[in-house]
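Below is one structure, written out as structure tokens, with a few remarks after it.
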Amino acid sequence: MSLYFRLILVLLANLLRRRHELLAPASMELRVWPSDLDLNLHMNNGRYLVLMDLGRFDLMQRTGLVNKSLRERWMPVVSDVKIRYRHSLEPFQRFELQTRLVGWDRKWFYLEQRFERQGRLMARALVRGVIVKQGRTLNCDEVMSALGVVMTSPELPEEFEEGWVSRPGVANGTANLTV
């Protein structure tokens, strides 16, 4: 099933939903379609990343970040993803994608995304991203203030502190990529 069709469904579904709490997980029910499969007839590892984009868009729309981004010409950009695939998702299986904002620091927003089927963890990803405007990375507090959020970030779990790639060709602590 095309990503654009899924995107349209997310947009329509969110018209009926109330605004989402910033730190609460946003959940989407999805299904593995034949277009999601690889040669081994399970969901392609790249498709997980595409669906994670959809999950982040859903969370951003439900928290008001999409509207603010369109008005301010902000661009959310993913800089790093750490993912661990635990179990295969088979053709036509239903699964849930949960996306939640874990916290932020001066520059980075940190998210967790989980693929679950019937309560079983199928894959889990840690995501680090920024908001960019005209080539300048916005300070996270600036973004939160513009959204009307008055709170400090929860303390980040240690797994979000280590193992990120800072820029192409330069790694800091990549030995610990456990997800």
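Between the amide H of Lys107 and those of Cys140, distances stay under 5 Å, these residues lying 5 or more places away or on another chain, with hydrogens modeled in the peptide plane.
The protection proxy used here, the mean number of other Cβ atoms lying within 10 Å of each residue, ranks peptides 127-139, 146-158 as follows, highest first: 127-139, 146-158. Working value for the chain: equivalent-ellipsoid semi-axes of 26, 21, 15 Å, each the square root of 5 times a Cα gyration tensor eigenvalue, largest first. Placing unit charges on the Cβ atoms of the charged side chains and taking the dipole of the chain about its Cα centre, the candidate lying farthest along the positive direction among Trp74, Thr152, Phe5 is Phe5. The helix-only estimate of mean residue ellipticity at 222 nm for the chain, built from DSSP H runs of length n ≥ 4 each weighted as -39500 (n - 2.57), is -8000 deg cm²/dmol after division by the residue total. Taking the Cβ of Met122 as the center, what net charge do the other residues with Cβ under 12 Å away carry, scoring Lys and Arg +1 and Asp and Glu -1? Local net charge: +4. Couplings 3J(HN,Hα) for the stretch 137-145, derived from phi with the Karplus relation 6.51 cos²θ - 1.76 cosθ + 1.60 (θ = phi - 60°), are 6, 7, 5, 4, 5, 5, 5, 4, 4 Hz, where x marks Gly and Pro. When the chain is treated as a GNM with alpha-carbon contacts under 10 Å, the residue of Leu121, Leu97, Leu89 showing the greatest mean-square fluctuation is Leu121.
Calculate, for Phe92 and Asp53, the FRET efficiency according to 1/(1 + (r/R0)^6) with r their C-beta to C-beta distance and R0 30 Å; round to the nearest 0.05. Efficiency at R0 = 30 Å is approximately 0.85.
With θ taken as phi - 60° and the Karplus curve 6.51 cos²θ - 1.76 cosθ + 1.60 applied, the whole-hertz 3J(HN,Hα) list for the stretch 117-128 is 10, 6, x, 9, 6, 9, 7, 9, 10, 10, 10, 10 Hz, x standing for glycine and proline. Where Lys and Arg each count +1 and Asp and Glu each count -1, what net charge lies around Ala146 among other residues with Cβ under 9 Å from its Cβ? Residues close to Ala146 contribute a combined charge of -1.
For Val78, neighbours were defined as the other residues whose beta-carbon sits under 10 Å from its Cβ, and their charges (Lys and Arg +1, Asp and Glu -1) total 0. What the Cβ-Cβ distance of Arg31 and Met75 gives, at R0 = 41 Å and to the nearest 0.05, is a FRET efficiency of 0.85.
Computed about its Cα centre, the charge dipole of the chain is approximately 500 debye, with only Lys, Arg, Asp and Glu carrying charge at their Cβ.
Taken together, the values in this text are just the output of simple stated rules run on the coordinates, not laboratory data. Remember, it's a predicted structure, so these values are computed and weren't measured experimentally. Glycine gets a Cβ as well: all are built from the backbone with ideal geometry, and neighbour counts include every protein chain shown.
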